[in-house]
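The values are calculated or read from the model by the stated rules, or taken from the named source; none is laboratory data. Just so it is clear, the structure is predicted and the values come from calculations on it, not from any experiment. Note that we place each Cβ from the backbone using ideal geometry, even for glycine, and neighbour counts take in every protein chain shown. The protein model used for the area step is the full one, side chains on, heavy atoms only, and it has no ligands, DNA or RNA in it. Shrake-Rupley method; radii C 1.70, N 1.55, O 1.52, S 1.80 Å.
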Amino acid sequence: MKKLGLCCLVIFSIISCKSPEARQPISVKSGSYIDESVARNIKLYEYEKTQFQEIMDANPDQKYEVSQNGFWYTYNTKIESDSLHKPIFGDLVHFDYDVKNINGDVIYTNAETKPDTYIMDKQELFTGLREGLKLMKSGETATFLFPSTKAYGYYGDQNKISTNTPLICKVTIHSIIEN
């Protein structure tokens, strides 16, 4: 009886030590998730583009230009002088800006964003604003229409700007100090 109990105990111990087999990863080769995401983003961009077109049509006195980077802008104050340069990598830019949603409701005022100092391409700044600053000279003011992909995108700013929010920003560059 002792031998039978001991034998059962040994067999039970051996059986219980067997770990479960590892699960194999599931691979999806269709790309349907990526295709759906691309289609959704294209549809969102086209919708935002339509909204921006309505804003531009409502302001025929403003000449909006399309940037190579996928946003629109107009100069409120433009300096024609060639003696001033646009900021390049490493330049120190002193500017202020406000942020509005597509309906013109203020999200951040100039006071909230504070006059900002930014070292071109060496500090964090949302994509559209970083690219927009490169189009301006010291003393200029411009209004930018940023689609959500050039603003804070899918994540928002984790504060007042929610997911996929297109933005209108009025930016003034006060000075540019060359690197």
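So the values come out like this:
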quantity	calculated
Residues located in region 164-179, provided they are closer than 13 Å to Gly139 by Cα and surrounded by 19 or more Cβ atoms within 10 Å (Cβ to Cβ)	Val171, Thr172, Ile173, Ile176
Restricting region 50-104 to residues that are among the charged types (D, E, K, R) and loosely packed, with under 15 Cβ neighbours inside 10 Å, the residue that is nearest to Phe146 (Cα to Cα)	Glu65
Flag if Ile161 is buried (at least 18 other Cβ atoms within 10 Å of the Cβ), under 20 Å from Thr77 (Cα atoms) and among the β-branched types (Val, Ile, Thr)	no
Segments classed as strands (runs of 3 or more DSSP E), wholly inside region 74-179, with at least 2 members that are free of Cβ contacts under 8 Å to residues at least 40 places away in the same chain and more than 16 Å from Glu48 (Cβ to Cβ)	116-119
Qualifying positions in region 32-49 - open to solvent by 80 Å² or more (accessible area, probe 1.4 Å) and either touching a His at 6+ places or on another chain (Cβ under 6 Å) or of a type in the set (Asp, Glu) (or both)	Asp35, Glu36, Glu46
